[in-house]
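Here the structure is laid out as structure tokens; the discussion comes afterwards.
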Amino acid sequence: MHCPNTFYTSIAFSMKLTEEQLRIIRSEGNIKINAVAGSGKTTTVIEYAKARPQNARILYIAFNKSVKLEAEKRFREMELHNVKVETAHSIAYKHVVYTHGYTVKSNGYKSHELVQILRLRLVGEKHAEYILANHILKLIALFCNSDKQKVSELNYIDTVKDGKARTFVKNHFPQIERHARELLAKMNSGEIEVIHDFYLKKFQLSCPDLPFEYILFDEGQDASAAMLDVFMRQKATKVIVGDTHQQIYGWRYAVNSLEKVNFTTYHLSTSFRFNQNLADLARQIIDRKAILKSHTPVAITGSGNSSLKKTKAIIARTNLSLLLKAIEYVTDKKDIKHIYFEGNINSYTYADEGASLYDVLNLMNGKVYKINDPLIRTMGSMDDLEDYIEQTDDAQLGMMLEIVNEYGNDIYDIIKSIKEKHVSDQDKDKAQVIFSTVHRCKGMEYDTIQVLNDFMPEEKLRNMKNNGNEEDIDLDKLNEEINLLYVAITRTKNTLTIPESLMPKDFPACANIQVLKQEKAEDKKEKQGKSLASKFAYPKPGAETKPKTYSVMDKRKTDEAAYSSWSSFQDKELRRMYFDGTTINDMSKHFGRTKAAIAARIKKLKLEEAY
């Protein structure tokens with residue numbers, strides 16, 4: 001029996017809850033809550049739990065461990081001791097790992113380990129056994145996160161979009177599938193350690209019956225199909241909450257559960273984080289989805305009024321863009337003494353497979369004896385590594401290759417300078433600037449943020465939709481690109497700095513939204529480039545025979561051949577100009593080459609994919 005309406009009235013008075021929140025608290029039966037960024041969904045869920053009978057057994061499923069710890073604290077402060085807080089993996093761990101006596105391989109298996117465990121051999125292609133192992137791991141991840149009963153029920157080939165990688169999978173899929181089943185069998189028997197995805201999958205396949213009367217499932221837009229299947233099978237009253245437009249983990253085989261459940265829908269459309277200017281911007285960015293397919297406009301009301309400017313964050317889509325910006329700060333801004341990277345700086349210099357920037361750098365320098373990663377050690381050259389990346393579609397390793405190509409041996413000094421200014425997790429509040437990719441700052445909020453220019457602008461989105469081959473267009477990926485920008489800009493509580501190319505056309509000027517004009521950004525980057533040239537990115541000039549700075553314009557004086565080979569120095573300059581959004585026409589004039597030559601080089605360097 002629920003509490004009487006007088007209880008809700010007193011809550012509304014003391015907590016200043018909105019009518020939307022009160023409707024959720026008063027609701028009956030299974031419901032889903034679509035909540036915009038900063039709309040107080042955790043507060044709403046806590047009040048929902050508080051309004052249930054005190055002896056009701058309630059399970060709250062948090063997205064990750066940090067959210068779990070915060071939720072436990074808040075439920076405890078409200079004296080809601082009948083609420084059990086878990087993550088999907090912590091529930092599965094208790095049911096599967098304890099029961100079967102498994103040991104868990106915390107960091108998962110690497111490609112080189114699978115080569116040894118499964119004794120993989122594949123002749124005819126360079127590093128074929130490692131490419132095979134990479135796809136085996138991805139197929140296992142797809143299966144373990146799916147709601148399927150068997151590996152054979154999946155269509156892994158359709159998840160592989162890169163051309164060379166897709167060709168490899170088509171040619172070798174029988175081996176990939178057979179070895180995936182073999183590895184799963186070895187884990188199941190306890191012959192080898194199990195991975196986190198495995199015990200979650202085994203939990204789902206066991207069709208568990210959880211002893212709760214209410215189950216509250218948070219961040220539903222990024223749930224795995226496996227966990228959604230467990231959730232939907234329960235007899236308890238079910239509440240799933242999230243934001244359809246914050247799904248950014250499709251590349252990890254997450255599904256937007258909010259769109260897959262047929263529950264009564266409630267909305268939280270008022271953000272307490274930011275004001276109406278930012279709410280209007282967020283809404284217009286979401287409305288870009290109409291370019292891709294039928295779209296229902298979103299209502300967002302901004303009621304935030306913070307004036308604090310204590311925490312400043314710089315948010316990028318990719319590690320490469322973030323490191324470029326961090327380099328600028330440690331070289332040009334002498335007053336910046338303390339910085340912080342969300343997830344710690346080390347997480348930006350290592351790939352999931354275990355390779356580090358230094359391993360790739362040592363490969364470039366031919367110092368195989370210094371390479372720690374077994375996979376990189378098998379590479380004979382950077383071309384071999386590039387070929388491996390193309391055939392596995394390994395985005396993280398590809399990003400490391402880009403960084404090494406960009407800065408070469410200066411990486412040692414760069415990372416050293418960044419680490420010297422990097423504060424510990426405990427001293428995060430002392431950081432003058434916080435750096436983060438959008439994935440690592442999900443769920444975070446800052447007083448003021450700057451969004452970098454590596455998100456997909458509306459013009460490029462339209463071009464890809466209208467000019468691409470229909471069969472090659474990945475609408476889900478393009479939809480997620482829009483979500484990434486939406487998540488990034490909604491991390492701010494106060495002010496936003498954003499490149500002009502990412503702004504909707506004719507968006508009115510606002511005091512708390514600073515738009516970086518393209519011309520000014522280019523002028524600024526020109527100065528930054530000269531500063532970086534003298535310390536990191538360019539060859540160190542000799543005092544007697546060379547000038548103190550060296551630009552592409554200088555090189556053109558001695559080499560006027562418009563179709564000459566591109567130097568690594570020119571490639572660096574092209575990357576910077578492309579990153580800044582410089583037009584092909586302007587790049588053509590700058591390099592003294594045809595527009596076709598510029599376009600061909602952009603394609604060769606895969607800049608469209610990197611930025």
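The values are calculated or read from the model by the stated rules, or taken from the named source; none is laboratory data. This structure is a prediction, so every number in the text was calculated from the model and none was measured. No Cβ is skipped: glycine too gets one built from the backbone with ideal geometry, and neighbour counts run over all protein chains shown. Heads up: the accessible areas ignore ligands, DNA and RNA and are worked out on the full protein's heavy atoms, side chains in. Shrake-Rupley method; radii C 1.70, N 1.55, O 1.52, S 1.80 Å.
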Accessible surface, per residue, of the range 286-414 when the full set of protein chains is kept, probe 1.4 Å, Å²: 40
With Cα atoms, 0 to 90° folded angle of helix 41-50 axis to the chain main axis: 20
Helix 595-604 axis, angle to the chain major axis (alpha carbon atoms, nearest 10°): 60
Length gained when the stretch K589-D384 is fully extended (0.36 nm per residue, less Cα-Cα span): 70.4 nm
Computed label-point distance, nm, for sites A395 and D474 using a 7 Å Cα→Cβ extension: 0.7
Charge dipole (debye, nearest 20) of the range 257-304; +1 at Cβ of Lys and Arg, -1 at Cβ of Asp and Glu: 140
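So if we plug the beta-carbon distance of N467 and V123 into 1/(1 + (r/R0)^6) with R0 = 41 Å, what FRET efficiency do we get, rounded to 0.05?
For N467 and V123, the calculated efficiency is 0.55.
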Extension gain (nm, one decimal) between L308 and K333, 0.36 nm per residue minus Cα-Cα: 6.8 nm
Relative packing of peptides 290-302, 250-262 - highest average C-beta neighbours within 10 Å first: 250-262, 290-302
Cut-off under 5 Å, modelled amide H: who pairs with A254 long-range: none
Mean-position separation - Cα centroids, the range 157-205 and the range 215-238, in angstrom: 24
I192 long-range amide H proximity, modeled H, under 5 Å: M187
Projected label distance in nm at D429 and K161, using a 7 Å step from Cα toward the beta-carbon: 4.1
Gain in span if fully extended, L205 to Y350, counting 0.36 nm per residue against the direct Cα distance: 48.9 nm
Estimated FRET transfer efficiency (W251, T43; beta-carbon r; R0 30 Å; 0.05): 0.50
Computed over the chain: relative contact order in percent, which uses C-alpha pairs under 8 Å that are six or more apart: 15
Where labels lie 7 Å past Cα in the beta-carbon direction, separation of N512 and K419 in nm: 3.9
Test item: Cα-centred dipole of the range 302-423, Lys/Arg +1 and Asp/Glu -1 on Cβ, debye: 1120
Tail weight of P(r) past 43 Å, computed on alpha-carbon pairs of the chain, percent: 25
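Ignoring ligands, DNA and RNA, what percent of the accessible area of the chain is carbon or sulfur (1.4 Å)? Don't jump to the answer; show the numbers that get you there.
On the way: 14080 of 28860 Å².
Taking all protein chains in place, the chain shows 49 percent carbon and sulfur surface.
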Translational diffusion coefficient (Stokes-Einstein; Kirkwood radius from C-alpha pairs) of the range 379-453 at 37 °C, 0.692 mPa s, in µm²/s: 213
Qualifying lysines (Cα of each under 23 Å from Cα of K84; at least 8 residues distant if same chain): K32, K41, K50, K65, K68, K73, K94, K201, K202, K235, K238
Cα centroid separation - the range 265-338 against the range 31-66, whole Å: 24
Rounded tilt (10° steps) of 319-332 against the dominant C-alpha axis of the chain: 60
For the chain, share of DSSP beta bridges that run antiparallel, in % to the nearest 5: 10
Whole-number D in µm² s⁻¹ for the range 64-218, Kirkwood Cα-pair radius fed into Stokes-Einstein, 10 °C, 1.306 mPa s: 90
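Using the structure shown, list the pairs from K337/K416; K161/K186; K170/K460; K334/K428; K138/K465 with a Cα-Cα distance above 21 Å, or answer none.
K161/K186; K170/K460; K138/K465
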Probe 1.4 Å, protein heavy atoms only - accessible area per residue of the range 71-115 in square angstrom: 54
